[in-house]
Amino acid sequence: MKKSINIRNLIITMLCITIIFMGVGFAFLAVKLEEKCSVEENFDVVITKAEAQTSIKGGNSAPIATKELVDDGKTIKFNFTMNNPNDELAYEITIKNTGTLPAKIIRLVSTPDYISDQKASSSIEPVVITHTKIKNKTLNPDETTTVKLVIKYNMSNNPKQIYIPYQLTVLATSKNKW
């Protein structure tokens, strides 16, 4: 009988220890789950900088450009003044995913759209604006990509000073499927 009581006490002790370990394990998992849930995931694709690469002077006065980041870095506004045929400006625009989720760049929106809109492009002739395409490019967190923007004043029979307002806006979406 005493042996039976010792075995029963041993089983009860083992069950108590098991329950204690299960409680500690559950508390540990609850803390880890809470930490995981409290991290806010987001995506944020912004223009971080625009650096002038080249400036070619086609005549006596050099082309002039001003730039300004607006809309929390989503848009960059330029004002170009092209003075002479053969003037050229080039910019390297850096776009970065500052969020915690992978992001997909839907497209760059040009306003006015001197590249695709015939009416808009004819309003600045003989100046031509081009930029590299980054449509559907995926950026992981902290990853960057660059866009090369070139503004060129082609030869003209009627040279004149041309003022060009221009802006680029980055449109992006999260790659995560909810």
Of (1) open to solvent by 50 Å² or more (accessible area, probe 1.4 Å); (2) under 20 Å from ILE76 (Cα atoms), ASN140 fails just (2)
Restrict the check to the range 8-20 and report whether at least one residue is touching a helix residue (DSSP H, G or I) at 6+ places or on another chain (Cβ under 9 Å) and of a type in the set (D, E, K, R). no
(1) under 30 Å from PRO159 (Cβ atoms); (2) part of a helix (DSSP H, G or I) all hold for SER55 apart from (2)
Q.
Among the residues of the range 89-103, are any modelled with pLDDT of 90 or more, among the acidic types (Asp, Glu), within 15 Å of the chain's Cα centre (by Cα) and not in a loop (DSSP other than H, G, I, E, B)?
A. yes
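Residue-wise test of (1) open to solvent by 80 Å² or more (accessible area, probe 1.4 Å); (2) part of a strand (DSSP E or B).
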| site | (1), (2) |
| --- | --- |
| LYS119 | yes, no |
| LYS133 | yes, no |
| LYS148 | yes, yes |
| VAL170 | no, yes |
- Message: Kindly evaluate TYR114 against the criterion of being modelled with pLDDT under 90, of a type in the set (Phe, Trp, Tyr) and under 26 Å from ASP71 (Cα atoms).
- Response: yes
Going through the range 153-168 in order, the residues found to be open to solvent by 80 Å² or more (accessible area, probe 1.4 Å) and either under 25 Å from LYS77 (Cβ atoms) or assigned to a strand (DSSP E or B) (or both) are LYS160, GLN161, TYR163
For the range 89-106, pairs from a residue that is under 18 Å from ILE76 (Cβ atoms) to a residue that is assigned to a loop (DSSP other than H, G, I, E, B) and among the β-branched types (Val, Ile, Thr), with Cβ under 7 Å and 6 or more apart or across chains, are ILE105/ILE134
If we keep only residues of the range 55-69 that are under 15 Å from VAL150 (Cα atoms) and within 23 Å of the chain's Cα centre (by Cα), then the residue least open to solvent (accessible area, probe 1.4 Å) is THR66
| Going by the structure shown, is PRO141 part of a loop (DSSP other than H, G, I, E, B) and touching a residue at least 12 places away in the same chain (Cβ under 8 Å)? | yes
For ALA50, indicate whether it is closer than 15 Å to LEU149 by Cα and touching a residue at least 40 places away in the same chain (Cβ under 8 Å). yes
Picked from the range 104-117 (must be assigned to a loop (DSSP other than H, G, I, E, B) and loosely packed, with under 14 Cβ neighbours inside 10 Å), the residue nearest to the chain's Cα centre (by Cα) is SER116
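The values are calculated or read from the model by the stated rules, or taken from the named source; none is laboratory data. Small disclaimer: the values here were computed from a predicted structure and weren't measured. Glycine also receives a Cβ, built like all others from the backbone with ideal geometry; neighbour counts cover every protein chain displayed. The accessibility values were calculated without ligands, DNA or RNA, using every heavy atom of the protein model including side chains. Shrake-Rupley method; radii C 1.70, N 1.55, O 1.52, S 1.80 Å.
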